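The values are calculated or read from the model by the stated rules, or taken from the named source; none is laboratory data. Worth saying up front: this structure is predicted, and the values here are computed from it rather than measured. When we count neighbours, we look across all protein chains shown, and the Cβ atoms used for this are built from the backbone with ideal geometry, even at glycine.
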Amino acid sequence: MGHDDLAAACYALPVLVALFTVRFFYVLWRSGQPSSRPQAAGLRCLIVLGSGGHTAEMMNIVTTLQKDRFTPRYYVAALTDNMSLQKAQVYEESLIQSGEKKTVENAHFMQIYRSREVGQSYITSIATTLLATLHAMWLVIRIRPQVIFCNGPGTCFPLCVSAFLLKVFGLGWSSIFYIESIARVKKLSLSGLLLYKLRIADQFFVQWPQLQQKYPRACYAGRLM
């Protein structure tokens, strides 16, 4: 590389960094703002499920969605979670039986690696977190969701980060709706706290008024269960 090429690179690098920084803060500002674009008839919807009560709460939210608007629906659960996707499949099949939809083409069921298993050491979780993040990025690029619903399982964080990065790089735009679990009365879950502090979620809902007072950027939604 000649001196001219090196000089050009030295000038170009700060410009690229500046452009990336401007874009990053624009995405932070734009997230959560009302959309100026006309509402689409069908929105690709990514629904993050989780073990324990997360799936029950999320499926309760899914039942209230306008099915013709939030379609197709992509349900994602951890690779070691064998129950959550079954519950989603049962629900989607019930829609067919009730006549609300005629085919299963509007529902897709996918799995993702966990960032960290229960009881796993923090040292070994570094590698699994990296793997989960790469897998999440691949899924988000493949699906290109326009809406993401999540409520606290650890699998939601790498998915939301991946969707946010796609917005920063201009490769897609996802509106992220985070609904904190009703079990969180006094403090946020780790996933919720990270999404709140990093301002990744477009809309952040809590189900207890004391949480909204503690985290003023959150919206109090009342009890959803």
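Points worth noting:
- Being surrounded by fewer than 17 Cβ atoms within 10 Å (Cβ to Cβ), within 29 Å of ASP68 (Cβ to Cβ), at pLDDT below 95 and β-branched (Val, Ile, Thr) holds for only one residue in THR124, THR103, and it is THR103.
The rows are residues; the columns are (1) buried (at least 19 other Cβ atoms within 10 Å of the Cβ); (2) within 8 Å of the chain's Cα centre (by Cα); (3) under 11 Å from ILE112 (Cβ atoms).
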residue	(1), (2), (3)
LEU134	no, no, yes
ILE143	yes, no, no
CYS150	yes, yes, no
PRO153	yes, no, yes
CYS160	yes, yes, no
ALA163	yes, yes, no
PHE169	no, no, no
ILE176	yes, yes, no
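- Every pair of residues 6+ apart whose Cβ atoms lie under 6 Å, when the first sits in segment 160-174 and is closer than 9 Å to ILE141 by Cα while the second is part of a loop (DSSP other than H, G, I, E, B) and not aromatic (Phe, Trp, Tyr): ALA163/SER174; LEU166/GLY172; GLY172/ARG144
- Of all residues making up segment 193-218, the number that are over 15 Å from PHE164 (Cβ atoms), in contact (Cβ under 8 Å) with a residue 12 or more places away in the chain and either surrounded by 13 or more Cβ atoms within 10 Å (Cβ to Cβ) or aliphatic (A, V, I, L, M) (or both): 8
- Some residue of segment 31-48 being assigned to a helix (DSSP H, G or I), over 24 Å from HIS108 (Cβ atoms), under 20 Å from the mean Cα position of the chain (by Cα) and at pLDDT 65 or above: no
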